[in-house]
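Data first, discussion second: the structure below is written as structure tokens.
A short reminder: the numbers here are calculations on the coordinates, not readings from a lab. The model shown is predicted, which means the values in this text are computed figures rather than measured ones. Glycine also receives a Cβ, built like all others from the backbone with ideal geometry; neighbour counts cover every protein chain displayed.
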Amino acid sequence: MRTRVKICCIASPEEAALAEAHGADALGLVGAMPSGPGVVDDATIARIAAEVPPPVATFLLTSECSADSIARHVAGTGTTAVQIVSHIPPDESARLAALLPVTRRVQVIHVEDEAALDLIEAYAPHVHAFLLDSGRPSLAVPELGGTGRVHDWAVSADFVRRSPRPVFLAGGLTPDNVGQAIRMVRPYGLDLCSALRPEGRLDAGRLEAFMAAVRAADAARSV
């Protein structure tokens, strides 16, 4: 099984092209957030999304919390997928499925403890995939991604085993630890941002090293 890779915090068509050239399966485009890196305006997101060729997917990261506002955000940017970074009410997730039946819908689960496992049943009927991250949505200024922190991979591995939907893993991934992450968690895909942007820009060398580490880990799994 090949582990998919989503490169997040894409800020320009040039960064999108760089990620595509290194084999990225999906690109993350970050809309307005209460905190965290990589935010770009909706016009830039729409411009990048329009230029990305299939089969590369474009993910809009939205902090909107209602089905109507999320659907409007997607309509205004033209991405092929939407990544919902807040733990929205499950009934809103169900409404969003009716509003956006074609758009791929990915629910972020912030893994603070084993309570994350309780959210599988609530969201799985309404989404196409999950993404496990290390945010803290309950803070006064919510952290909804881009923390660069590793969470408890034992919980994430249990989540993957229980989930009926594909699961992406995010949070503190680097070329040095991604092999362990793949072996331990066995996610469908990986997602990262800050480790590839040492000076606020996508770094080709770090991107190449990460993709090589993923390929090596996948090769080791197939032996």
Seminar exercise, completed: With 0.36 nm assigned to each residue of separation and the Cα-Cα distance removed, Asp152 to Arg136 gains 4.4 nm
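Using per-residue counts of other Cβ atoms within 10 Å, averaged over each peptide, order 1-8, 192-199 from highest down.
Numbers: 1-8: 20.4, 192-199: 18.9.
Packing order, densest peptide first, comes out as 1-8, 192-199.
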For this session: Find the relative contact order for the chain and round it to a whole percent, using C-alpha pairs within less than 8 Å whose residues are 6+ positions apart.
Result: 18 percent
For this session: If a cysteine in the chain has no other Cys Cβ under 4.7 Å from its own Cβ, put it on the list, ordered by number.
Result: Cys65
For this session: Could you please tell me the mean projected area of the C-alpha convex hull for region 47-139, averaged over all directions and given in square nanometres to one decimal?
Result: 6.2 nm²
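Taking the Cβ-Cβ separation of Asp41 and Ala17 as r and a Förster radius of 25 Å, what is the calculated FRET efficiency to the nearest 0.05? Write down the numbers at each step before the final one.
Working: r = 20 Å, r/R0 = 0.78.
After rounding, the FRET efficiency stands at 0.80.
At 0.692 mPa s and 37 °C, plugging the Kirkwood radius over alpha-carbon pairs of region 161-202 into Stokes-Einstein gives what diffusion coefficient in µm²/s?
Details: Rh = 11.3 Å.
D, rounded to a whole number, is 289 µm²/s.
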Problem set entry | Separation of the Glu199 and Ala98 label points, Cα + 7 Å toward Cβ, nm | 5.2 nm
Problem set entry | Dipole magnitude (debye, nearest 20) for the chain, charges at Cβ of Lys, Arg, Asp, Glu | 600 debye
Exercise. Based solely on its DSSP helices, what 222 nm [θ] is calculated for the chain when runs of n ≥ 4 H residues each add -39,500 (n - 2.57) and the sum is averaged over all residues, nearest 500 deg cm²/dmol?
Worked result: -11000 deg cm²/dmol
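Pull up the DSSP beta bridges for the chain and report the antiparallel fraction as a percent, rounded to 5. All intermediate terms of the calculation are to be shown ahead of the outcome.
On the way: 1 of 32 bridges.
Of those bridges, close to 5 percent are antiparallel.
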Problem set entry | Cut-off 13 Å (backbone N to label point 7 Å along Cα→Cβ of Arg2), residues of region 18-54 | 22-26
Problem set entry | Centre separation in Å (Cα based) which lies between region 208-223 and region 169-186 | 11 Å
Problem set entry | Linear extension gain, Ala212 paired with Arg72, 0.36 nm per residue minus alpha-carbon span | 46.6 nm
Exercise. Dividing the alpha-carbon radius of gyration of region 1-113 by 2.2 N^0.38 Å (N being the number of residues), what value is obtained?
Worked result: 1.03
Exercise. Between Rg and the Kirkwood Rh of region 90-223, both from Cα atoms, what is the Rg to Rh ratio?
Worked result: 0.99
